[in-house]
Amino acid sequence: MPTPRIRSGPAWLAFLPTLLLPSVARAVPCNALPSVANPDAGTPPHVLYIEGANAVGPLIAQLQQALSVDPNPLNVVYIGDGGCVGATNFITNVSISAKPKPVYYAGQVAGTCDLPTTGGPNGGPPVADIGASDVYAPTCGTLPGGELPSNIADFLGPIQPMTFVVPKSSSQKSISAAAAYFVFGFGANSGVAPWTVDTSIYRRSTASAVQAMLAAAIGVPLASWAGFDAGGLASNVTAGLSGAAAVINALEIDPNPENAIGILADTNIDPVTASHINILAYEDFGQPCGYYPDASATSHEKANVRDGHYALWGPLHFFAHVDGNGTPTNPDVGRFISYVLGTAVAPGGIDLAQVEAQNNLVPTCAMHVTRSVELGPLASYAPQASCSCYYDYVATGRSSCTPCSKASECPASAPLCNLSYSEGFCETQ
């Protein structure tokens, strides 16, 4: 068997150890983090607890670096324990998970902090201010009554694709929904070669939002998936790897790569990971062929997600308590969500569209289709201020659209000069 290459987790976390300064590396109380903008202030800045989907990590990292030095500072504490865990804890009023250790940022520095031991249910740690999920609440199967309470709203963020993946040395290029149903529903008895070895079919746990969405897509119940939980691989147990990191490591070291297959969110696939694994084109039920999330296996503009040809996608979800008008009851929550949704200009000149493009997310202003339920029917979508051309530009370094600084520079076919970001392009909406 080849020597295991143990991965430490998502790419955005890889830089953390190099940033930890001695003064930050020491554990400090999460509710008493100092202000970088004014370290001598007598009252610590407000703290915002966000628990759930790992995909929101890059957005939080960028925003917090600006928010910590903002004239109105805000310390965001992030607990990346997965979309289904975070959302369920928030919706059911359960204390923040003790693991993994919360991460916070101070300027360009990241560190960890200790949760308060009181202030939450039954005298334990607090409930998060925002529950972040990769899927709609009912998809995880743990929502009491099947509907959100009236005082909780689901704010829809950027779009995230989910994927079936294989090792780089695999000759497989695509998978259909029907084939995936048999592979992950029946394992070694699927009859779908070459994926007929249970220990090389790498799934996640029932707490995985990635598996929850794909379960809805292929029709295999979340708790009935065949194959092997990648988190149980001996090398992953030894290294303490779970979730996406466990799947990536399992695929990299599988002794029979032609038999190996796994599942990942596209946000888990960074340039290093992409050098070891391939995304399979996916043919949904009723489609004549398979499609990659992008126009090709090697491009990065998410063209087939944006126009609906690639079926496996959904928005990131930010669950928050709201008043009767649907406004977050916590002003800090409203402030943070407005940045992520693009309804307010992000602090510090942060270009969230660029951050999203770099992490395989798609802002809704770059989408041409929309859905209202998990993997539901598609509807045509024309955002008020499209950033489709700009997204192409930040995702690939080029755009076929006309650059502009004012509307008079735009042709009649694309008359609007959208200047929401650092570069303006002529758009139709």
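The values are calculated or read from the model by the stated rules, or taken from the named source; none is laboratory data. What you are looking at is a predicted structure, and each value in this text was computed from that prediction instead of being measured. Note that we place each Cβ from the backbone using ideal geometry, even for glycine, and neighbour counts take in every protein chain shown. We work out accessible area using only protein heavy atoms, side chains counted, and drop any ligands, DNA or RNA first. Shrake-Rupley method; radii C 1.70, N 1.55, O 1.52, S 1.80 Å.
In the set (1) surrounded by fewer than 19 Cβ atoms within 10 Å (Cβ to Cβ); (2) closer than 29 Å to residue 386 by Cβ; (3) in contact with a helix residue (DSSP H, G or I) (Cβ under 8 Å, 6 or more places away or on another chain); (4) aliphatic (A, V, I, L, M), residue 272 fails one condition alone, (2).
Can you tell me which residue among 339, 381, 421, 391 is free of Cβ contacts under 8 Å to residues at least 60 places away in the same chain and among the hydroxyl-bearing types (Ser, Thr, Tyr)?
Details: 339 fails: free of Cβ contacts under 8 Å to residues at least 60 places away in the same chain; 421 fails: free of Cβ contacts under 8 Å to residues at least 60 places away in the same chain; 391 fails: free of Cβ contacts under 8 Å to residues at least 60 places away in the same chain.
Result of the check over 339, 381, 421, 391: 381.
Being outside any strand (DSSP E or B) and closer than 17 Å to residue 46 by Cβ is the filter here; which residues of segment 92-106 pass it?
Within segment 92-106, the first condition is being outside any strand (DSSP E or B), and the residues that meet it are 92-102.
Selection gives 96, 102.
Do you know which residues across segment 192-207 are among the β-branched types (Val, Ile, Thr) and either at pLDDT below 95 or surrounded by 21 or more Cβ atoms within 10 Å (Cβ to Cβ) (or both)? Across segment 192-207, the qualifying residues are 201, 206.
All conditions but one from (1) over 30 Å from residue 235 (Cα atoms); (2) of a type in the set (Phe, Trp, Tyr); (3) assigned to a helix (DSSP H, G or I) apply to residue 182; the one that does not is (1). Restricting attention to segment 66-79, does a residue exist that is of a type in the set (D, E, K, R) and either over 19 Å from the mean Cα position of the chain (by Cα) or surrounded by fewer than 24 Cβ atoms within 10 Å (Cβ to Cβ) (or both)? Looking for residues that are of a type in the set (D, E, K, R) and either over 19 Å from the mean Cα position of the chain (by Cα) or surrounded by fewer than 24 Cβ atoms within 10 Å (Cβ to Cβ) (or both), one finds at least one in segment 66-79, hence yes. Only one of the numbered conditions (1) open to solvent by less than 20 Å² (accessible area, probe 1.4 Å); (2) modelled with pLDDT under 95; (3) in contact with a Leu (Cβ under 8 Å, 6 or more places away or on another chain); (4) under 21 Å from residue 384 (Cα atoms) is not met by residue 315, and that is (2).
Restricting attention to segment 33-68, the residues being out of contact with any strand residue (DSSP E or B) (no Cβ under 8 Å at 6 or more places or on another chain), modelled with pLDDT under 85 and of a type in the set (A, V, I, L, M, F, W, C) number 2. Kindly indicate whether residue 44 is surrounded by fewer than 21 Cβ atoms within 10 Å (Cβ to Cβ), touching a Ser or Thr at 6+ places or on another chain (Cβ under 7 Å) and not hydroxyl-bearing (Ser, Thr, Tyr). In short, yes.
Filtered by the rule that a residue be farther than 15 Å from residue 398 by Cβ, under 19 Å from the mean Cα position of the chain (by Cα) and open to solvent by less than 50 Å² (accessible area, probe 1.4 Å), segment 290-301 gives a lone residue, 293.
Picking from residues in segment 208-249 that are among the hydroxyl-bearing types (Ser, Thr, Tyr) and assigned to a helix (DSSP H, G or I), the one that is most open to solvent (accessible area, probe 1.4 Å) is 238. Do you know which of the residues in segment 320-345 that are surrounded by fewer than 23 Cβ atoms within 10 Å (Cβ to Cβ) and within 29 Å of residue 279 (Cβ to Cβ) is modelled with the lowest pLDDT? Only one residue fits best here, namely 342. Number of residues in segment 56-84 that are over 19 Å from residue 115 (Cα atoms) and touching a helix residue (DSSP H, G or I) at 6+ places or on another chain (Cβ under 7 Å): the value is 10. Residue check: is residue 362 modelled with pLDDT of 95 or more and over 30 Å from residue 65 (Cα atoms)? Taking the combined requirement at face value, the residue does not satisfy it. For segment 349-371, the criterion of being over 27 Å from residue 202 (Cα atoms), among the aliphatic types (A, V, I, L, M) and in a loop (DSSP other than H, G, I, E, B) is satisfied by at least one residue.
Okay, residues lined up against (1) open to solvent by 10 Å² or more (accessible area, probe 1.4 Å); (2) modelled with pLDDT of 95 or more:
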{"site": "122", "(1), (2)": "yes, no"}
{"site": "125", "(1), (2)": "yes, no"}
{"site": "128", "(1), (2)": "no, yes"}
{"site": "142", "(1), (2)": "yes, no"}
{"site": "147", "(1), (2)": "yes, no"}
{"site": "157", "(1), (2)": "no, yes"}
{"site": "171", "(1), (2)": "yes, yes"}
{"site": "180", "(1), (2)": "no, yes"}
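All of 303, 311, 346 fail the test of being touching a Phe, Trp or Tyr at 6+ places or on another chain (Cβ under 8 Å), among the small types (Gly, Ala, Ser) and farther than 25 Å from residue 75 by Cα, apart from 311.
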